[in-house]
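Working notes for the structure below.
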Amino acid sequence: MSRLDQALVNIIGVKPTYMRPPYLATGGNVLPTMKNLGYRVITNDVDSGDWNNQTPQQSQQKFQQAGTSGNGHISLMHETYAGTVNTLTPWLISWAKNNNLKLVTVGKSSFTICMFIFTNAP
């Protein structure tokens, strides 16, 4: 993580403050280590299932089931799957707008990559 931090600082001038563990694994020393390094660990509550060969239509059902209430949702989607990029993402943006939801990065003032939270907050 320290090498990644330095690489990002060298490239974009910012050290990330959030991280999503690979495979969402938070056991063992992951959480205390990340806390000691100054990170906030995030996971998702809506999994598109794109990594598990689910179709964009199946993923859409998951977002609809998660609904529009509460404090928002954090989705797990991967930019390496054409169905996610070409079908699911445009649908999600439209669905969010139609439901008066706002798509924002996890940390509005922090560097995050392809991680969105949708919320009904103003």
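Looking at (1) loosely packed, with under 11 Cβ neighbours inside 10 Å; (2) in a loop (DSSP other than H, G, I, E, B), which is the only condition Thr26 fails?
Checking Thr26 against (1) loosely packed, with under 11 Cβ neighbours inside 10 Å; (2) in a loop (DSSP other than H, G, I, E, B), the one that fails is (1).
Does segment 47-79 hold any residues that are touching a residue at least 40 places away in the same chain (Cβ under 8 Å) and of a type in the set (Val, Ile, Thr), and which are they?
Matches in segment 47-79: Thr68, Ile74.
Inspect all residues belonging to segment 80-87 and state whether any of them is free of Cβ contacts under 8 Å to residues at least 40 places away in the same chain, surrounded by 12 or more Cβ atoms within 10 Å (Cβ to Cβ) and not in a helix (DSSP H, G or I).
Within segment 80-87, one or more residues are free of Cβ contacts under 8 Å to residues at least 40 places away in the same chain, surrounded by 12 or more Cβ atoms within 10 Å (Cβ to Cβ) and not in a helix (DSSP H, G or I).
Does Gln57 fit the bill of being assigned by TED's automatic domain parsing to the domain that holds Thr105, in contact with a helix residue (DSSP H, G or I) (Cβ under 9 Å, 6 or more places away or on another chain), surrounded by 11 or more Cβ atoms within 10 Å (Cβ to Cβ) and polar (S, T, N, Q)?
yes
Would you point out which residue out of Gly72, Gly13, Gly67, Gly38 is surrounded by 13 or more Cβ atoms within 10 Å (Cβ to Cβ) and on the phi > 0 side of the Ramachandran plot?
Exactly one residue qualifies, and that residue is Gly72.
Just name the residue that is farthest from Ala82 (Cα to Cα) out of those in segment 32-59 that are among the charged types (D, E, K, R) and assigned to a helix (DSSP H, G or I).
Lys35
How many residues are surrounded by 12 or more Cβ atoms within 10 Å (Cβ to Cβ) and at positive phi if we restrict to segment 41-53?
Step one: filter segment 41-53 for residues surrounded by 12 or more Cβ atoms within 10 Å (Cβ to Cβ), giving 41-51.
With at positive phi added as a condition, the list becomes 49.
Summing the residues that are surrounded by 12 or more Cβ atoms within 10 Å (Cβ to Cβ) and at positive phi in segment 41-53 gives 1.
The values are calculated or read from the model by the stated rules, or taken from the named source; none is laboratory data. Computed from a prediction, not measured in an experiment: that's the story for all the values here. Here the Cβ is made from the backbone with ideal geometry for all residues, glycine too, and neighbour counts use every protein chain on show.
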